[in-house]
Every structure is written in structure tokens, then in C-alpha cells.
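K.L.:
Pasting a structure here, questions to come.
The values are calculated or read from the model by the stated rules, or taken from the named source; none is laboratory data. Quick caveat: nothing in here was measured; it's all calculated off a predicted structure. All Cβ positions, glycine included, derive from the backbone under ideal geometry; neighbour counts span all protein chains shown.
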Amino acid sequence: MNFLVIGGGVAGLLSAHRLRVDYPDASITLIERDHQLGGLLAGVDYGKGRYFDLGTHVFQETGNPDIDEFLFSIVPPEELIHFDVGQGDLAGSFFSGHLQTNTHFTDLRHWVGDTDEMVASLRSHFAGIKDFPSLDRCASLLDVANLRFGKAYASQVIAPMLEHVFGRSAETLSGFALLLLGLTRVVVDDFPDWLAQSKDEKYRSLFGVPDQRLLPQEYRNSKRSFYSRKRGSFAFVEGITKFLESSGVHFKLGTSIVNLDLETASLHLENSMGQFETIKNLDGIVLATGVIGVAKLLGLDLASFGFDRPMPHDLIHLELKEPVDSDLCYFYGLDSKSDFFRITNYRALTNLADDCRLTIEVLGQKQLNPEVLVPSLTNQLQALGFLSNEEFTFSRLQRLPAGFPVPTVRNMKALESLGIHLENLLYPHTRIAGIGARPGLFFQNEIMKDVFERAARFAC
């Protein structure tokens, strides 16, 4: 049997792995347009130990033992870091003029508004609802926030905060924006008061623990986070690639698809040397580029589905003169005075005392002047108490060509409509994997689990 996987990101690599498990004697080929595998997990290496992830990419157990055990096996044990259950990849937020190291949820005890009145509003809303429905990723942000938190918190805290982060009016944003930043709870109580009420599951669903480090064992997520000490997310790409090569999977990198005929399961390719190749009579094709990539392969007009343009997405990679003295692995810039979207602190991720690497993500800036922006950002971080000084020995600015997908209602609905449209174009021998392969599919863990399910269906 002959299978083809299109796309060399995590969806494509795991699709090839699943196919090899199900069809040990099949011929499997993976095609990737770029000269490097991994997509956003590929990272960037400037030499001399200066490897940086393309944003914050910490793996977490999926709950599928076939996936989890495979990922654990492909990185050398001495490089693999397992965070303690419920204590891994600690996250924070810059909110209301304060760097929250205790939680990434908004902590109203530091809010600049009328805290007593807002907390009373939240408690009143909490008392009036029976339970919390699942968060609708495609619904309006304000509708979702009103339903979950009440109108006061939705309009006075959530709306202005996410308008600042994403540069769009709250009316245009979707409920997925809350999930993207993990803002599904709010902190209002000191720890003794929170603990006294924590037996109530409904209470815990809305009110977050005031210090993530004190979360009782019975409430912690049982799935561990894990990371590679030396090469971050790219170590997993390297490991999967080596495993696939050893199992006979063929790779064609730097190869573009000139024409793709799903009905006949054939395609025409062109490599970086200008050489052409035709592949025919395939038994199965996995389109592991996500629905937007598939639409481009098939020549569909994406504008007709109503997508909003992505935001410019820039990464500033720094090697500081001194390591950061913080156990926060990452934190978000939710404050209106913040010029950054997210900070990744490799010192906390690797637990190496001399790790001085830092990545700062910036959204929405059409043009950047590193000579002005970098000192401004390090000054902000020092003012927050996160950096002891502003000095660094290395810096690079990297713009991600795809940009950052804005979590608007239009984008979420367009992604869902495109996925449905593409499913109607598929044949029994074709599958889609990646972002949008099913409604709302976006996060890495979701994609990995979905990939295993979809690739397995060839066996049915």
C-alpha cells in the first residue's frame, strides 16, 4: 500500500507515525514545502546554545498512552523534563499594573476599579446560576463572558483587556479568546477563604485558587507537562523524524505541490532544484496542513469564507546578561500599558541556573524598530520586577510569516465553514489533519489526539 502525508508539522509527523503503526509494510512518503520539518515547533537556532522556541510550546500528556509513551521515547531521558503534576509550566499575567506570579487568572484583589462592587457582582451572578455550560468557541466573547461571569465583569474587565491584547473590539471577538489566554476563572478570595469553599465544584469552576503553587493535590490536573532541556520543542521534531526515518518513511523536503487531484489520488510535485515528479495510485492521502493549508492546495478562495487578516506576530529572542530569578515559565501582557503579548522564560522551563534566554512576543505592530522596542520592553520588564536589570548580550527579531490568527467570531465561523466545505470534497482515501480539521480544533494536544483518530480510520 502507498500513503502520502502532506505537511511536515506535528500533525503530519504524527500522521506518518500512526500510518506506520497500522501499516508496517506500506510505503509512506511525507512532503513538506519548507526545507525543515516541524512548522511552529521547529524553533530557531543561532548557535552557541542560543536555541529559541517560536513562542511558548510546552507539551502536556494527551491522555492517550500511545501518543504520550511515543513522545517520551523519542527524546533522550537526560534531556526530557517532566514537571510535577499540577506544578509544571507555571504561568502568570501582567494585569492592572501588577505582575501576577501567583496566577494567570485575573486577580481582582489588585484591580484598579471598585473591587468590592465587582466581587459582589460576581458572587451574585454565581449564586444565580445552576452550572457552567461548556465554553462556546465560536460564540460572541461578550455573550460567553456574560453567561460565565455576569455583565459587569464581562464589560468592565474582560472586554477592555482583550481589546488591548488583540486590537479588535470586544463585539467582534469570540469566546475562544478566553480559552486562548486561559481566562476561564477569576481570583477574588484569599487562600484560607478559597480553601474553605473549594469542596464545591461549581465554586472552583469560577473562582481560581489565589496561588497556583498551593493548589491541593486532589484538584490538580493529572496530566503532566514535559519539555526538552536542550532543544525545546524542536527536540521532539528531531526525535519523531529520526524514528520515522528508521522505520522507512520517506521525506521530500523543499517540495511544492503543483497540482493535486484528490479524486484520482495523484499529484504533481516540483522540488527546490526545479525538477518535476508525478505520484499516482495512492491508497491514502493525509492533508496535514490544517484546513487553511488544504484550501490553498486546492486553489480555493479563502476571502470568500470571510476570514479576518492575521495580526503581525513578532518574536524578540534575548540572551540576558543575568538569568531571571523567577519560576514563571511564561506570562501574558493583559495590562493596557503592556507592549508585549507573552514572555517565555527558559530558565524556569529548563531549570538550568545559568539559562539566560528569554523570548518576548509582540502582536499587531506593522513595523518595528528593534533599537527602540527592545530597550523599551526590557525597561517594562525591569519595572515589573521580572528583570534585575535591562542588560542583554544577544538579541534577534523574528517575524513569523503566517502572523497570529485573531480569535474573532468571523474567523472561528469561517474556519468551521471551511472545514465543513472541505469535508464534502474529500474521498474515502483522503483525510484532513491539523487546525480546523474538526470545529474549534486548535490546541496542540487536541490536534495530536485528533490526528491519531483520523489516520486510524484508513484501517476501517
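K.L.:
Could you list, in sequence order, the residues of the stretch 28-69 that are part of a helix (DSSP H, G or I) and either of a type in the set (Phe, Trp, Tyr) or surrounded by fewer than 18 Cβ atoms within 10 Å (Cβ to Cβ) (or both)?
P.N.:
So the first thing to find is which residues in the stretch 28-69 are part of a helix (DSSP H, G or I), and the list is 39-41, 65-69.
Leu40, Pro65, Asp66, Glu69, listed by residue number.
K.L.:
So which of Val406, Val451 ends up being within 21 Å of Val144 (Cα to Cα), buried (at least 21 other Cβ atoms within 10 Å of the Cβ) and of a type in the set (Val, Ile, Thr)? Walk me through how you get there before you give the answer.
P.N.:
Working: Val451 fails: within 21 Å of Val144 (Cα to Cα).
The conditions single out Val406.
K.L.:
Give, as residue ranges, the strands (runs of 3 or more DSSP E) completely inside the stretch 260-371 that count at least 2 residues that are at pLDDT below 95 and not assigned by TED's automatic domain parsing to the domain that holds Ala11. Steps first, please.
P.N.:
Values: elements: 266-271, 276-279, 284-287, 313-320, 330-333, 342-345, 357-363.
Output list is empty.
K.L.:
Among the listed residues Asp190, Asp211, identify the single one that is closer than 30 Å to Phe59 by Cβ and modelled with pLDDT of 95 or more.
P.N.:
Working: Asp190 fails: closer than 30 Å to Phe59 by Cβ.
Sole residue among the options that is closer than 30 Å to Phe59 by Cβ and modelled with pLDDT of 95 or more: Asp211.
K.L.:
Has the stretch 414-432 got at least one residue that is of a type outside the set (Ser, Thr, Tyr), touching a helix residue (DSSP H, G or I) at 6+ places or on another chain (Cβ under 7 Å) and under 24 Å from Met1 (Cα atoms)? Let's see the steps before the verdict.
P.N.:
Let us first name the residues in the stretch 414-432 that are of a type outside the set (Ser, Thr, Tyr), namely 414-416, 418-426, 428-429, 431-432.
Subsequent filtering for residues that are touching a helix residue (DSSP H, G or I) at 6+ places or on another chain (Cβ under 7 Å) retains 414-415, 418-419, 422, 431-432.
Still in the running and under 24 Å from Met1 (Cα atoms): 431-432.
Yes, the conditions are met somewhere in the stretch 414-432.
K.L.:
Could you check, for the stretch 220-233, whether at least one of its residues is in a helix (DSSP H, G or I), touching a residue at least 60 places away in the same chain (Cβ under 8 Å), surrounded by fewer than 18 Cβ atoms within 10 Å (Cβ to Cβ) and not assigned by TED's automatic domain parsing to the domain that holds Leu441?
P.N.:
Kept after step one, since they are in a helix (DSSP H, G or I), are these residues of the stretch 220-233: none.
No: zero hits.
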